[in-house]
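**Student:** After the structure tokens below, expect a handful of questions from me.
The numbers here are math on the coordinates, done by the rules we state, and not lab data. Here the structure is a predicted model, which is why all the values come from computation and not from measurement. No Cβ is skipped: glycine too gets one built from the backbone with ideal geometry, and neighbour counts run over all protein chains shown.
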Amino acid sequence: MSDALRIEAILRSDPVRWHLLGVVAELALPDCWIGAGFVRNAVWDSLHGRAPGPLLGDIDVIWFDPDHSDAERDRNIEETLRAAAPSVDWSVKNQARMHLRNGDAPYLSATDAMRYWPETATAVAARRHNSDQCEVASPLGLDDLFDLILRPTGRFVVEKRNIYDERIQSKDWIGKWSLLKNATP
């Protein structure tokens, strides 16, 4: 079974995550995904032999539409999602404008934007389509995610290293998932 199919199986086995993927799919936003911890944490729980765990932190919904890149549009989408699933802390970001905040070249798509996220294992997202199908995006591959390796991406190796190190410490991933290995000293 491919790693993408493994992720789909993990998400399908979690009724909360599978439902939320459906809620976001109903919005029919262009190039839209739920990413980061939503997928990563589910995989790490599975690899640690745990039942699907609770949703930790916010749920990152990313999408890409250069014609609707104002922050107000994202806030309106968050309100719609809160009405559909009020117990969830939604975070919606149109990746067409996020390069400005991050000091990167303009992103070409939501998946392209994920290449600039801090950790390789975080640069993964999923979406439902055709009501019961699941697609996985992983522009940096899935090896580190499934090998339980924490590794910085591109600019986070040196230029933005302090952000990567702060995330590792503040999120205490190794404390929560003891089999994780930090690939950097």
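**Student:** So what is the relative contact order of segment 84-133, in percent, for Cα pairs below 8 Å that sit 6 or more residues apart?
**Tutor:** Across segment 84-133, relative contact order equals 21 percent.
**Student:** To the nearest 20 debye, what charge dipole does the chain have about its Cα centre, counting +1 at the Cβ of each Lys and Arg and -1 at the Cβ of each Asp and Glu?
**Tutor:** I would put it at about 440 debye.
**Student:** Moving on to the next point. Could you give each residue of segment 120-130 its phi-based ³J(HN,Hα) in whole Hz, using Karplus coefficients 6.51, -1.76, 1.60 with θ = phi - 60°, and x for Gly or Pro?
**Tutor:** 4, 6, 8, 7, 8, 8, 9, 8, 9, 8, 6
**Student:** When every alpha-carbon pair in the chain is counted, what percent end up more than 29 Å apart?
**Tutor:** 18
**Student:** So what is the relative contact order of the chain, in percent, for Cα pairs below 8 Å that sit 6 or more residues apart?
**Tutor:** Once normalised by length, the contact order is 21 percent.
**Student:** Return, for the Cα atoms of segment 60-162, the radius of gyration and Dmax in Å, separated by a comma.
**Tutor:** Rg and Dmax of segment 60-162, Cα atoms, are 14.9, 42 Å.
**Student:** Which of the lysines could a cross-linker span from Lys171 if the Cα-Cα distance has to be under 18 Å and same-chain partners fewer than 8 positions apart are dropped?
**Tutor:** Lys160, Lys181
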